[in-house]
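Every read-out reported here was derived from the displayed coordinates using simple, explicitly stated rules and does not represent laboratory data. What you see is a predicted model, and the numbers here were worked out from it, not measured in a lab. Ideal geometry is used to build each Cβ from the backbone, glycine not excepted, and the neighbour counts take in all protein chains shown.
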């Protein structure tokens, strides 16, 4: 009898324990305390920080239960700071990062949450706007197809973006008038060269230290991308093996490995020649200068123009003691006597690509709230608030640029072969090598040939590093996809997608590995032939 | 009744716990998932134990630092699971045995990977694991370890595997990689056209890939002299991707085909 009673007690206790466990699994703790969402970024330009603050304050009005904390970390220490925070598990909920800094394949699966499912749903903050009911990803001007929005290697959407940029030459309108008697900037490449000569003559006559262009290492990077890409557009169809009218990373990289292009390819060499002219029109030592220092030089009147992106426009408007104008660098056109025969036609500003992406930290304690803030930030209302205050160009459809930022809208009616430029070559290592060696082109003793020689001597060391890193990162991404997709399949049971990376991407891995092996064989054969 | 209720409750808890472990793994929280699966295994039914072992093995493939010993531990677990049943776990385990041979070993073993994939296809052809394995097997055919082989023969061998594709998503993947291999090997682009058309018709492509495929079909159609088809796909591209960077270039191509450019080309 006693044993039976003990059994019943055990059973009741077991039932109670099971019921408690079920309750614990199905109920989240609800607290009344305010949730804090932290967002980090490096945008110290003009009124950009204020733009983000304005959006955050509006969101807090709508959601008094949420507090948005914005952390601004200077660009020069941002990456190291972010890495440390991520590794230490103390990184903010929302993190600005750009894949242009490289290694996103390694970072994304480890630290950032993909939001593919969420971006397929409408953004609720767009109710009552023309974007009501439109999938979130389709509300972006680029459809979130930029490299940060959609990661082709991981086959996932990651980071919503809030702005769009173009590269421009800003100019001191007062000084231009003084030198040329005109208000209007040059409209063709030849006019630009004539203006450079006029500036040099003016400086000599007045005994002034004055450069045509104030440039910097940072901004020459952003100048070189569209410049080399645009000048190479006549040659680009030869690399477009898959007939997509766009050069993929692999077409560019494998083309380099196969020797299909180099910095001696005539069209690419023409791009370098134009880049050299730009460099020679810039202040001495610009290859070592950071963009902030270059802007100061321009504001002090040491140059007629500033090579910068539209991201700096609001800073210039606020700080310049003179009237500032802006124009698009006129690349040589089909009528140009020197480069014309190798120009296809007008060159566009590049892809419609939105930027300033924010990734959702996997370790966020409040992912739902963080994601909700991202939805608001990239809604018509949120992006309009940001654009109005920051003076940046919008990333969202139906958001109007300001009268001031309107002039920086991209020019699209021209040839463009995608986001991969000859400047970037095979990736980050080669880009850094380009920047490190570009000084060989400039100055009285510099030449395009000196740069080409250096690239020919050592370029393959850097391209090999890029491609080896790419193969390594690809294997990590395939493994990560296998595991995370399997895990999702076990939870959801959905069978509309295979639990693996897209086979097309894995095909690129095999192609890259084959081409690398062949390149090594070719180099060995060449070495044996000419020891 | 009370016992039955308690049993059901505990089963529900076990299921919820397994789900939580997989959720943790979907976020690459491998340590957390491993601890969970190990705890589950101690109290699980035989089926639950197989699921927990599968989970452990999968988690071992991403737990940092990833060592060869850890991969070997995972391989042993997968082998035991694959050889001791025919259920979904056994199929998944065999798929992972193929993946380990393909990508995890210091020296890849494509022959072993292909053997595992072929066995999965032979035994459970329609399952999601076999269909996924098929997309990897095609790659091993297309890009054999010995690069001296004739590309056309590799493509032909891979094309034969299309017959094994039972799901639209698999068919779509296969057609895409076949077209891509034809371009990569420099074989006549016209040979890629049927694959591109098939991939487009299957409607399985994500938007960026669809944009590429529409342009590719149009471009290759021009090369083979099918101007009507080229025009149709250029126009579909313009209609579906109003903000794509290639809009101007496609507009120029359409002009080249004659018959005017659709309104709205260029901005």
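Full extension of the chain between residue A:288 and residue A:200 yields a length gain of 29.4 nm, computed as 0.36 nm times the residue separation minus the alpha carbon distance.
Compared with the direct C-alpha span, the chain from residue A:50 to residue A:238 gains 63.0 nm at full extension, assuming 0.36 nm per residue.
Using a simple spin-label model with pseudo-atoms 7 Å out from Cα toward Cβ, residue B:156 and residue A:296 lie 7.0 nm apart.
Tell me whether region A:432-494 comes out rounded, prolate or oblate; compute the Cα gyration tensor, take square roots of the eigenvalues as a ≥ b ≥ c, and use a/c under 1.5 as the rounded threshold. Verdict is prolate for region A:432-494. Once C-alpha pairs closer than 8 Å and six or more residues apart are averaged by separation and normalised to the residue number of region B:113-267, the relative contact order reads 13 percent. For chain B, the mean residue ellipticity at 222 nm estimated from helices alone is -23000 deg cm²/dmol, where every DSSP H run of n ≥ 4 contributes -39500 (n - 2.57) and the total is divided by all residues, rounded to the nearest 500. If the segment from residue A:36 to residue A:409 were pulled out straight at 0.36 nm per residue, it would be longer than the present Cα-Cα gap by 130.7 nm. For residue A:334 and residue B:80, a Förster radius of 56 Å and the Cβ-Cβ distance give a FRET efficiency of 0.25, rounded to the nearest 0.05. Hey, what angle do you get for helix B:247-257 against the long axis of chain B, alpha-carbon based, 0 to 90 degrees rounded to 10? Around 40 degrees separate the two axes.
Work out the FRET efficiency for residue A:492 and residue A:366 from their Cβ-Cβ distance, taking R0 = 30 Å, and round it to the nearest 0.05. Present the calculation step by step, with values, prior to reporting the outcome.
Values: r = 23 Å, r/R0 = 0.76.
After rounding to 0.05, the efficiency reads 0.85.
Site pair residue A:260 and residue A:177 shows an inter-label distance of 5.2 nm when each label is modelled 7 Å from Cα along Cα→Cβ. Each of A:242, A:197 has some number of other Cβ atoms within 10 Å of its Cβ, and from fewest to most they run A:197, A:242.
For region A:171-248, what class follows from the C-alpha gyration tensor (a ≥ b ≥ c being the square roots of its eigenvalues): rounded when a/c is under 1.5, otherwise prolate if a/b is larger than b/c, else oblate? Intermediate results must be reported in sequence, preceding the final value.
Details: a/c = 3.49, a/b = 2.61, b/c = 1.34.
Here region A:171-248 falls in the prolate category.
Pairs of Cα atoms nearer than 8 Å and 6+ residues apart set the relative contact order; for chain A it is 23 percent.
What is the order of B:41, A:182, fewest Cβ neighbours within 10 Å to most?
Values: B:41 16, A:182 10.
The most exposed by this proxy come first: A:182, B:41.
For the pair region B:104-123 / region A:365-438, the C-alpha centres are spaced 43 Å from each other. Helix A:189-206 and the long axis of chain A differ in direction by around 70°, with both axes built from C-alpha atoms. Specify the inter-centroid distance of region A:118-150 and region A:272-318, based on alpha-carbon positions, in whole Å. Centre-to-centre (Cα) distance: 36 Å.
In whole percent, what relative contact order does chain B give with Cα contacts below 8 Å and a gap of six or more residues? Computed over chain B, the figure is 7 percent.
Taking chain B as a Gaussian network of alpha-carbon nodes connected by springs under 10 Å, the highest mean-square fluctuation of the residues B:192, B:157, B:93 belongs to B:157.
Between the alpha-carbon centres of region B:140-170 and region A:195-258 there is a gap of 41 Å.
Please give the FRET efficiency for residue B:115 paired with residue A:62, using the beta carbon to beta carbon distance and R0 = 60 Å, rounded to the nearest 0.05. Present the calculation step by step, with values, prior to reporting the outcome.
Details: r = 58 Å, r/R0 = 0.97.
That pair, residue B:115 with residue A:62, gives E of 0.55.
Helix A:2-26 against the longest principal axis of chain A: what's the angle in degrees, Cα atoms only, rounded to the nearest 10? Taking the Cα atoms of chain A, the angle to A:2-26 is about 20 degrees.
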